[in-house]
Structure formats: C-alpha cells, structure tokens
Amino acid sequence: MQFTTLITLTVATSMAVLSAMAAPARVCPTVCPAIYQPVCAKLSSGEFLTFGNACQLDAYKCDNPTTQITVVSNKACESITIEKRDAAVCGTICPAVYQPICARAIDGLNKVFGNACELRNYNCKHPNANFAAVADANCEDLVVVEKREVPVADDTCNTICPTVYQPVCAKAKTGLNMSFGNACELKNYNCKHPNANFAVVANSNCKDIPAAPAPTCDFMCTMDEKPVCGKSKDGKTSTFSNSCILALHNCQNPTAQFESIANTACPTTTVCKKACTKIYKPVCAKLQSGEFKTFGNVCEMNVFNCEHPNEKARLIANAECPAVAPAATTPKKRAAAALVACPTMCPMVFKPVCAKNVNGDLQTFGNKCQMGVFNCKNPTVSFTVVAEGACEAM
C-alpha cells in the first residue's frame, strides 16, 4: 500500500512539473495608445484608481495578477460620485500625449497643463486652486482681454509637460543650437528666457542633424582689370582686381571678409615728403596737446604734420619758440617745454666759433646756430662764444 502511494505521488509530481514547463510565460503589454479615454476601477483594498484608457488598465492587471480590480465607470474617478468613497484618489496614470490646456484658478491665475488628465490630477491634489479649463491651447497663445488683479510670476512658464521623448532641435537668435525633450519643454524655456527666442529647426536631436557642407571655392575668375575697393570689419581697405576675385577671397577667408565700397581702386596711402631745404628759417608752432615746438623751417613743420596727423602743428610765429612755453608752470613742465622748443635744424654754412662753458671747457661749433641748439638742449652746461673760428686756432 505504501509502495502504491509512493508511485502515485511521483507520477503526480512529474505531471505538475511537465504542466508548468508547458505553460507559456505571461507577456504584459508595455506600449499603450496615447488616447485619453479614462476608466475608473476599484481595487480589492477599496481604493479607487483612474487609468488613462482600457489598455493601461489591462497592463496594470497583468503586472498585478494577485490584485482584484473591478471597473466601476468609463469616466475618471474624480468626475463621478461613488457611495461610501473615502477620499479622492489623485494618482491617475495620464497618457504621454501633449494636448495643452489653459486653465484659470479662482484667484485669476492662468496655468498651462499638458493635457486634461494632468489638469484633473492637479485639481485633485490642490482642491483649493480649483483650476477650470478656459482654452484648448497654451495660455500665452490667448488674447488678453482683461487685467488680472493677482500678478503672475513664473507660473505661466511652468507647463506640466508629458514625459514623452519627442526631441526637437531649436536655434536661438545668436545662432546657438539646443536640443529639447519635446515641444512643451521648448515652450517653457522660451517663456522663462524671452531673449533667447529659440525656434524649431528640426524634429530631432541637434547632434543628429547632418553638418552643412563646407563651402567650395573652386570657381575661376578672369584677369580683367576692373578694380574694386573692399573694406573689412576692422576698417582696413584693400584693392581687388575685380569683383570675382573679391568674392573668391571672401569664400576662402570667411573670418576676414571684405565688403565692396567702391568700383575703383582704394585711395593710396599718403606718402610724406621728407626732403626739405637746409635753410634755417625757424618757425614756432603749437601742437594740439598745447605744447610749443620750433621747426627749422615751414617744410619741416609740414613733414611733421604729415607723419603725425593726430598731433597737428599750427604755425603761430616766424621765429623760434620762447625757451619756456606759456603753459609750463612747474620745473618739470618747463624742462619738457624747453626740449620741445629747441630747433632741430641749422644751416649747413661752416662758420666755426669757439665757445666756453661755465666749467671753463672749450668746444668748437660749426656755427652759432649749432651752439644755440646745444645750449637749448643742455641748459646746465651752456656755452658762450669766446672767438670766431675753431678753438684749436687760438
């Protein structure tokens, strides 16, 4: 009898194992349509739960096989009256679809919600707000017809966006590209950063956009001499043989482009005349800085003005400037003014003079003008003529 029982148990166990092996594994749906057709169901615990649609309810049942669940209405639980219901349940599973709704609270505040389901969840969790839908659109798309007494800060820029990844690539006014998870997130960003003003350029991640092909500069230009003058952003000018060569330069040098400003060659750079006579006819001129300067003659002054266009010298007298400029009021300024006032040229006539300084030293100068220049530049060791002719002849 015991042997028979043992055989029976062994056979039963083997059949159970085979039956378990033969049973197919349960496959639960993971993707449901993004359609909002709410269903209210009651769990075995007595809790009420709203599902976005019947597919989401079936998926919940599949994932929770031990939980008894009963459909009580083809509406959201929050929109129906159920007897003996303890409290509102605010955990509706909303579809990941962006159908914006603008809602207004009792205090006049406007707020955007990703869809009607998210609005219901918000009202359920915040019963004192009591938002009511006013338009099936973003609040910023509405025409304002009345002023709200309650000022709105950043609330209108906090749209509750769906957790669906539908990337968009947007470009700002500065040329910067940025990727956003979906169009809703882009709207929120633009609302909070109005100066950025990002605009959609592609319905994909920015890094997925193929790079623009590099410009090809393989076009040929003729050698026709039809000069054009081009000007760069930093103000430099350059002459190009013709407009085609200018365009070729701009293509090959995108960061150093020139804009055509004249259908002719650019004016040549002024060449200052430097050859002046050696005749000493001193003139005194006043610089724009207020200093005085002696020039050997008018030609020298003109050369100075050509080479120093920002320090124009204005003729004030046909003679040497005084040793001290009128504006020099301190010893340091007087010394500087004296150096400025010293002549720079003397006649090439050789009429030597022998001069002696305060230390008793003798020195020969080519002429009295040269001695005067030396004394002007070296006032502490000035020389005085002691004889006509070279000192060695004395």
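Values in this text are rule-based calculations from the coordinates and carry no lab data. In this text, all values refer to a predicted model and were calculated from it rather than measured experimentally. Every residue, glycine as well, gets a Cβ built from its backbone with ideal geometry; the counts of neighbours run over all protein chains shown.
Each Lys or Arg adds one and each Asp or Glu subtracts one; over the other residues with Cβ under 14 Å from the Cβ of I316, this totals +2.
Comparing the range 168-208 with the 2.2 N^0.38 Å rule of thumb, its C-alpha radius of gyration ratio is 1.01 (two decimals).
For the range 257-309, the percent of C-alpha pairs falling in each 5 Å distance bin, counted from 0 to the bin holding the largest distance, reads 4, 16, 20, 16, 11, 9, 7, 7, 7, 2. Our estimate of slack between D234 and T222, defined as 0.36 nm per intervening residue step minus the Cα-Cα distance, is 1.5 nm.
A straight Cα-to-Cα reach below 16 Å connects K293 with the lysines K281, K312, K333, K377, residues fewer than 8 places away in its own chain not being considered.
Once the C-beta distance of C272 and C251 is scaled by a Förster radius of 41 Å, the resulting FRET efficiency is 0.65 to the nearest 0.05. Working note: Debye formula, equal point scatterers on the alpha-carbon atoms of the range 353-393, no solvent; log10 I(q)/I(0) at q = 0.24, 0.25 Å⁻¹ is -0.70, -0.76.
Ranked for footprinting exposure by Cβ neighbours inside 10 Å, fewest first, R104, R120 give R104, R120. Fewest-first ordering of C117, C221, C369 by other beta carbons within 10 Å of each residue's beta carbon gives C221, C369, C117. Backbone amide hydrogens, once placed in the peptide plane, bring A317 within less than 5 Å of C284, excluding anything fewer than 5 places away on its chain. Shown here: the range 188-273, whose C-alpha atoms stretch 66, 33, 18 Å along the first, second and third principal axes, sorted largest to smallest.
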